[in-house]
Amino acid sequence: MSRRKSAPPHEATRQPDGQAWSSIDSDVVVAGGGMVGAAFALACSGKGLSVAVVESRAPRRDWPKGEIDLRVSALSRASQRLLARLGAWRRIAELGASPYRRMRVWDAGGTGSITFDAADLGEPDLGHIVENRVIQLALWERLEQAPDVTLVCPASIADLQRGPDGARLVLGDGRVLACRLLVGADGRDSLVRELAGIMTRGWDYGQSAIVANVVPELWHEETAWQRFLPTGPLALLPLADGRCSIVWSASDPRAEELMGLDDAAFSQALTESSEGRLGQIRVDGPRASVALRLQHAGHYVEPGLALIGDAAHAIHPLAGQGVNLGFLDAAELSCALDVALEQRRDIASLWTLRRYERARRGDNLAMLVAMDGFNRLFGNRLPPLAAARSLGLALADRAGPLKRFFMERALGLGAGLPPLARP
Ligand SMILES: Cc1cc2nc3c(=O)[nH]c(=O)nc-3n(C[C@H](O)[C@H](O)[C@H](O)COP(=O)(O)OP(=O)(O)OC[C@H]3O[C@@H](n4cnc5c(N)ncnc54)[C@H](O)[C@@H]3O)c2cc1C
């Protein structure tokens, strides 16, 4: 599908050497129309810029009633606000968003635990669990109505040529997308990042995250449950119909062992690992596992190029922050373009793009390091550390202001959301 709207970017069919190929010229090309790329493209709509989105996989339009996808995200209140401003939240709520009102975290290696409750902040919930495909579809439906956005899908990137006037993205079918600003939103294994020669730092965690949907015997109390096991954290995320979506991060050998179990044995292992807090748990449907890696791009911007979302940073899923950080990237980059447009500066200049990098890189790095630290701290079996963890969790649970600070950060209530479009 290659959709064109009423005011499309300049699209020309040329025939050099008798060969037919077309070129789409836009101000901005977004490589990757996943959750973050689609949000950014939508934030760019209405700025007076022409935008093209290249995506290799068309989003799924429908699925059987009651089917829950394996990939879900815990969205913060800040992400919800951003999606609402983009006009996508209403559709997300219609397709299915499960609120969670509490979060209970406890340590398998000690006695410590901590509970976060939205009621303590006078808030209705701490966030929502939403299927990734729901978020992507709601954003795409909005993009399809945007007259200044061209969706190029399915299409894959084959090559990248860059010059002083911008970039030319060559697609697998020979089409060429020329633009002033190329935004790499093509995920953790970003080809744009690789073709631009931007190095990353990081390491494999030696852990994989197993995802599945499960039916607990007891009501989940609209609570996100997380137990830190020595082999990695286990999270049970509440779904509106009473099921839970699990993210079970485990050392690679343990994850392999768990993936090899039949459903009955896996369900039993899950029940035991969650200490029976939700009674007997039964796995419902398939399981998948994803190898976990910490990864951070050496830099996010160059003249004519910016990286956002997982293309810029990949984080351990233990606190469900990845796409929330990506949405903040999208909002900040959009804001940086607004400032440039207002001041009649080049949207693709390093001056413009550095504003985005300055706003996001430090925050992203801090979150990457914090989650890495938690994973190491709770994965350590040394008795003195286990005792210190128990004490730390117990104290934090009782320390009102500290707990409030963490909750506000997690909800994105403390963080000011950059405006998506200048009034
Ligand atoms: C197990 C697990 C649980 C998680 N839970 C949470 C959570 O609860 N909360 C949270 O905030 N985050 C969570 N995350 C992280 C979150 O899933 C990612 O941060 C998020 O998917 C990143 O979005 P993105 O759009 O940047 O990249 P992606 O989702 O990877 O999207 C990239 C898009 O680019 C397209 N693409 C890639 N290459 C090309 C190409 N060459 N040509 C054309 N198109 C291309 C892909 O098809 C895709 O649509 C979790 C991650 C894992 C692994």
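Bear in mind these aren't lab numbers, they're just calculated from the coordinates by the rules spelled out. Since the structure is predicted, the reported quantities are computational estimates derived from the model, not experimental observations. Here the Cβ positions follow ideal geometry from the backbone for every residue, glycine too, while neighbour counts run over all protein chains shown.
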Dipole check, region 167-293, charges on Cβ (K,R +1; D,E -1), about Cα centroid: among Ser289, Trp225, Val192 the Cα furthest to the positive pole belongs to Val192
Of region 82-116, those with amide N under 15 Å from the point 7 Å along the Cα→Cβ vector of Ala240 are 89-101
For the pair Asp117 and Glu275, the simple spin-label estimate (label points 7 Å beyond Cα toward Cβ) gives in nm 1.8 nm
